[in-house]
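> If you scroll down you'll find the structure; I have some questions about it.
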Amino acid sequence: MRHSLKSQNKVSSNRADFKKRFQPYILLLPLFVVVALLFGYPIYRIISGSFFKIAIINGEMNFVGLENFKKVFSAKFFLPTLSLTLRYAVVTVFLKLSLGFIMALFMNSDMYFSKFLKFMSLLPWAMQQVAVAVIWKWILDGNYGYLNFYLQKLGLIHENISFLSNPGMAFLSASFVDTWLGLPMVSMIFMAGLSNINSSLYESAKIDGAGVISRFIHITCPCIKRVFLVTLTLVSIWTFNSFNVIFVLTGGGPMRSTETLMLKIYEQAFSKFNLGAAYALSSVVVVILFIFTMLYYKLEVEDD
C-alpha cells in the first residue's frame, strides 16, 4: 500500500514537473508555427531558390549549385551597389536615431508644445509610404517643386536646385524622406525609454550639483542604452530593406546613385527576369541582416 502511494506521488510529481517545464512552450507553440510560416518559409524559399536556374515562363528549375552566387559576386554592379546600400543605411540610420532622440527629449519634457509635437510626430507614420514618397517627389521637383519655390521667395537661392536629378542631391533627398518617415517610430521608442527613467535620479543629481550635461551623460545615457541597442537594430534592418521611398522618388537614378540592393533585386527579378540572381542577392541581404541581429545579441549579452 505504501509502495503504491509512493508510486502515485512520484507520478504526480513528475507530471507537475513536466507541466511546469514545458507548459510555456506548449502555449507559445501556435505563435512559433505562425512565425515559422510567415518568416521561416519565405527565407527557406529565398535561400533554396538561389541554387537553381528558374525559367519564369514555365517555372522549370534546374540545379546550378553556387553558379548564381558566382555570377552575382563577379558582376560589376555588386560591390558598388553593396557599398551604396551600406552608405545609405549609415546616413539614414544616423539621422533617424539622432533626430528621433532629440524629438523624444522634447516630447518627454514639460515644455508647453510637447503634446502638440507628439501629435504632429505621428502624422508621417499614419500615412502610406508610397503616398508620402509621391508627395515629396512633387515637393522636391527641380522645375515646379514647392521647396524650390519657397526657397527662392525667401531669397535663400537664386536658381532651382535639382534635388532628384543630381546624383548627390538625389541620395541625400531619398535619405531625408526615409528619415522623415521613420522619425515617429524612433522618437516614440526613445520616449518610452526616457519615461521609464526614475525621476528621483535626476532630483538627487540636481541636489548634488550636477548640471544638465552631467545628468545626461551619467543618468540618461546609461539608462537608455538597452533601448538604444534595440532601436539601432530595428532601424538598421528597416533602412537596409528600404524600397518604396527610393523606388518612387528616383527609381534608383540618376546614374544609379540611389540604386540599393533592394532595387537591384527588383531589377533582376522583374526587369531582367533573372530569378536565380534575384534569389542570390536576397540571400546576401538575409545574411547581412542576420549579422546585424547577431551583433545586437552579442552587445545585449555583454550588457547583461
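Okay, residues lined up against (1) under 20 Å from Ser242 (Cα atoms); (2) at pLDDT 85 or above; (3) within 20 Å of the chain's Cα centre (by Cα); (4) of a type in the set (S, T, N, Q):
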site	(1), (2), (3), (4)
Ile47	no, yes, no, no
Ala55	no, no, no, no
Phe101	no, yes, yes, no
Ser114	no, no, no, yes
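> Condition check: within 26 Å of Leu99 (Cα to Cα), at pLDDT 85 or above, surrounded by fewer than 20 Cβ atoms within 10 Å (Cβ to Cβ) and not β-branched (Val, Ile, Thr). Does Asn198 satisfy that?
No, not satisfied.
> Quickly run through the range 226-248 and pick out the residues that are in a helix (DSSP H, G or I), of a type outside the set (Phe, Trp, Tyr) and over 10 Å from Asp178 (Cβ atoms). Spell out how you get there, then give the answer.
So the first thing to find is which residues in the range 226-248 are in a helix (DSSP H, G or I), and the list is 226-240, 244-248.
Now drop any that are not of a type outside the set (Phe, Trp, Tyr), which leaves 226-227, 229-237, 239, 244-246, 248.
Answer for the range 226-248, where residues must be in a helix (DSSP H, G or I), of a type outside the set (Phe, Trp, Tyr) and over 10 Å from Asp178 (Cβ atoms): Arg226, Val227, Leu229, Val230, Thr231, Leu232, Thr233, Leu234, Val235, Ser236, Ile237, Val248.
> Tally the residues that are crowded, with 22+ Cβ neighbours inside 10 Å and part of a loop (DSSP other than H, G, I, E, B), restricting the search to the range 260-299.
Residues flagged as crowded, with 22+ Cβ neighbours inside 10 Å and part of a loop (DSSP other than H, G, I, E, B) within the range 260-299 amount to 1.
> Do we find a residue being in a helix (DSSP H, G or I) and buried (at least 20 other Cβ atoms within 10 Å of the Cβ) anywhere in the range 67-79? Talk me through it step by step, then tell me what you get.
Kept after step one, since they are in a helix (DSSP H, G or I), are these residues of the range 67-79: 67-74, 78-79.
With the extra rule that they be buried (at least 20 other Cβ atoms within 10 Å of the Cβ), the set shrinks to 68, 72.
Looking for residues that are in a helix (DSSP H, G or I) and buried (at least 20 other Cβ atoms within 10 Å of the Cβ), one finds at least one in the range 67-79, hence yes.
> Please work out which one of (1) surrounded by 14 or more Cβ atoms within 10 Å (Cβ to Cβ); (2) under 30 Å from Gly59 (Cβ atoms) is the condition Arg215 fails and give its number.
(2) is the only condition that Arg215 fails.
The values are calculated or read from the model by the stated rules, or taken from the named source; none is laboratory data. As the structure is a computational prediction, the values presented were derived from the model and not from experiment. Glycine gets a Cβ as well: all are built from the backbone with ideal geometry, and neighbour counts include every protein chain shown.
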